[in-house]
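The values are calculated or read from the model by the stated rules, or taken from the named source; none is laboratory data. Predicted, not measured: the structure shown is a model, and the values here were computed from it. Don't worry about glycine lacking a Cβ; one is built from the backbone with ideal geometry, like all the others, and counts go over all protein chains shown.
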Amino acid sequence: MADDAQKDPAEVPRARFALYVEALRARMVPEQFGLLMETFKLWAENGGGTVRLQLDEEERELFTPAVQQEFLNLMGLLGAMSPGHEDRAAHVVVPLGDGEFVKGAMSLVPPEVAADPERLRAMREKLDAQQERRGADQREVEGIARASGMLPDPAGEE
């Protein structure tokens, strides 16, 4: 690996990512590792960003906070492959806690942000406000769909 890194500096983040994935494969329950890699591949192939997963009951049980933390770690390692963003490999996953609308939030942040409780609180509040807006938007869309006959009335009345 050292020789490859001298020939191609971009090889270091790729090798770091591959080594991390292999370490995950060795220490994770196979079903959890498979779900992690399947969801991560889906996220990466769709350009990253916000992900809304539709998981069945078994998958929800497998997609624990520890698996979600590894998802974020992989995001950082993948981001470190982009020139100028090598520092993302040093980012850490931090719990943001619960807000009124967001529960169990966590984020991948630079170490200096992880050490700043005020910045973490501000992040949680921003996520909470975004989740509140998403919920309101979802309820409005569902109301429009019900009114137009596209969704059944939840009370069973049509």
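Which count do you get for residues in segment 56-80 that are over 14 Å from the mean Cα position of the chain (by Cα), over 12 Å from H91 (Cβ atoms) and among the hydrophobic types (A, V, I, L, M, F, W, C)?
Qualifying residue count for the region: 1.
Kindly indicate whether any position in segment 126-141 is closer than 30 Å to E11 by Cβ, at pLDDT 90 or above and of a type in the set (V, I, T). First the steps, then the outcome.
First pass over segment 126-141, keeping only residues closer than 30 Å to E11 by Cβ: none.
Among the residues of segment 126-141, not one is closer than 30 Å to E11 by Cβ, at pLDDT 90 or above and of a type in the set (V, I, T), which makes the answer no.
Just checking, does segment 129-142 include any residue being part of a loop (DSSP other than H, G, I, E, B), more than 19 Å from L24 (Cα to Cα) and without any contact (Cβ under 8 Å) to a residue 60 or more places away in the chain?
Restricting attention to segment 129-142, the residues satisfying the condition of being part of a loop (DSSP other than H, G, I, E, B) are none.
The answer is no, given that none of the residues of segment 129-142 is part of a loop (DSSP other than H, G, I, E, B), more than 19 Å from L24 (Cα to Cα) and without any contact (Cβ under 8 Å) to a residue 60 or more places away in the chain.
For segment 98-128, enumerate the residues that are over 19 Å from L72 (Cβ atoms) and assigned to a loop (DSSP other than H, G, I, E, B).
Within segment 98-128, E100, F101 meet the criteria.
If R146 meets every condition in (1) surrounded by 13 or more Cβ atoms within 10 Å (Cβ to Cβ); (2) under 27 Å from P65 (Cα atoms) apart from one, which number is that one?
Only one criterion is unmet by R146, namely (2).
Only one of (1) modelled with pLDDT under 90; (2) of a type in the set (G, A, S); (3) surrounded by 12 or more Cβ atoms within 10 Å (Cβ to Cβ); (4) within 15 Å of the chain's Cα centre (by Cα) is not met by A5, so which one is it?
Evaluating A5 over (1) modelled with pLDDT under 90; (2) of a type in the set (G, A, S); (3) surrounded by 12 or more Cβ atoms within 10 Å (Cβ to Cβ); (4) within 15 Å of the chain's Cα centre (by Cα) leaves (4) as the failure.
Condition check ((1) within 23 Å of P111 (Cα to Cα); (2) in contact (Cβ under 8 Å) with a residue 40 or more places away in the chain) across all residues:
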residue	(1), (2)
Q32	no, no
N46	no, no
R52	no, no
P65	yes, yes
M75	yes, no
M81	yes, yes
A90	yes, no
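Please verify whether segment 42-50 includes one or more residues that are part of a helix (DSSP H, G or I), more than 25 Å from Q138 (Cβ to Cβ) and at pLDDT 95 or above.
No.
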